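Since every read-out is calculated from the coordinates, none of them should be taken as a lab result. Fair warning: this is a prediction, and the values are worked out from it, not measured in the lab.
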Amino acid sequence: MVKPTEKRIYLLRHAEAEHNVSENYSIKDARLTPRGRQQAAKLNEHTKHTVQQSAHLLVSSGLRRTLSTTVLAFPALRKRLEAAGKPVVVLPQLQEVNDLPCDTGSDDEDAWLVPVGEVVKEGEAEPTSSEQAGSSS
């Protein structure tokens, strides 16, 4: 059991993505495969009564496969944190560090996987004022 003064950090790699199976690293911002979506759903089942009940923060890179894994694997945690005013934090610093197309993020309008307002982008990934204004319609 974690003491109140202790913090625990869980690191998770994304579920299986298109480029992992095909070994085609030219796929830009690769999506999860059907098997990857199943893996993320299975993780939800394994964590919904543990980590999802106790975590204080949920952070992801902005790549499609990591956001999809986050959305599918931790729905109860996302709901609980968002109700407390703590949406998912998206940090581009967590992305891969090479320039292969599969590791290159998409434009915001292509990458959003959840309704506007449910994901917070901070730092370099923060939307501009015009993007925020355009997303309210």
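Between region 76-98 and region 17-42, the alpha-carbon centres lie 20 Å apart. Taking amide H as placed 1.01 Å from N in the peptide plane, the amide H of VAL88 sits under 5 Å from that of VAL120, each at least 5 places away or on another chain. The value of relative contact order for region 1-113, using C-alpha pairs under 8 Å at least six residues apart, is 31 percent. Ignoring lysines fewer than eight residues from LYS48 along the same chain, the ones with Cα atoms less than 23 angstrom from its Cα are LYS3, LYS7, LYS79, LYS86.
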